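Take a look at the structure below.
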Amino acid sequence: MILPYHEFLKEIADFMEIKKAIYIPPFKGFPFGAVFLASSDEFELDLARIEKGTPFVSGREREAGILLEAPGREILRKFEEFAELDLSNYGTGVSEICSSVLRALGLAKGVEIVDGDELRISISNAGVDFCSSECRLIQCPICSSVLLAIAKATGELLAVEDLRAGEKIEIRARKLGGIEKWM
């Protein structure tokens with residue numbers, strides 16, 4: 001069911017020469033956060049100029065990209081329903097909530113988050129078979145939901161640096177600071 005949508009996003013990413021996915025915690029018009037698909041590794045993002053309903057962000061090359069509601073936002077809602085709380089400022093302990101809900105939905109067996117100089121996220125036994133290194137640019141709803149939950153729980157934008165799919169999905173992400181830094 002999600003494969004056609006995922007393939008469509010990958011085609012757009014190829015066409016727009018997307019370099020990096022940036023997960024954004026909730027901000028004006030995006031109560032569950034968003035994902036910015038940057039056309040430059042050295043991107044610039046002015047969240048004060050962004051409006052819902054305007055998916056293409058243009059300007060200088062470093063500002064260009066696509067802004068979308070993250071594919072994992074519906075699963076993020078399930079995380080919050082399960083926990084019976086808003087995940088804002090919950091921290092990286094959100095991995096336990098993600099694990100429980102993804103396991104209950106039959107989408108993955110577990111989520112581990114290691115917070116150091118960078119975030120290392122491990123999703124074990126994901127229930128999709130189309131995950132590959134191409135997902136570094138456009139994440140499936142499972143990976144997207146975890147990244148969105150971490151962005152919301154830490155209050156920081158996250159840049160996906162690497163994604164490797166194998167026995168586990170391994171994601172490396174870098175924290176970029178909170179919303180106020182990007183306004």
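Brief remarks follow.
- Among the residues of segment 37-51, just one is within 12 Å of L68 (Cβ to Cβ) and over 17 Å from the mean Cα position of the chain (by Cα), namely I50.
- Residue check, R62 surrounded by fewer than 20 Cβ atoms within 10 Å (Cβ to Cβ) and modelled with pLDDT of 90 or more: no
- All conditions in (1) touching a residue at least 24 places away in the same chain (Cβ under 8 Å); (2) surrounded by fewer than 19 Cβ atoms within 10 Å (Cβ to Cβ); (3) in a helix (DSSP H, G or I) hold for F79, with the sole exception of (2).
- Hits in segment 14-36 (condition: over 15 Å from the mean Cα position of the chain (by Cα), of a type in the set (D, E, K, R) and either part of a loop (DSSP other than H, G, I, E, B) or over 20 Å from D162 (Cβ atoms) (or both)): E17, K28
The values are calculated or read from the model by the stated rules, or taken from the named source; none is laboratory data. This structure is a prediction, so every number in the text was calculated from the model and none was measured. Virtual Cβ from ideal backbone geometry, glycine too; neighbours counted across all protein chains shown.
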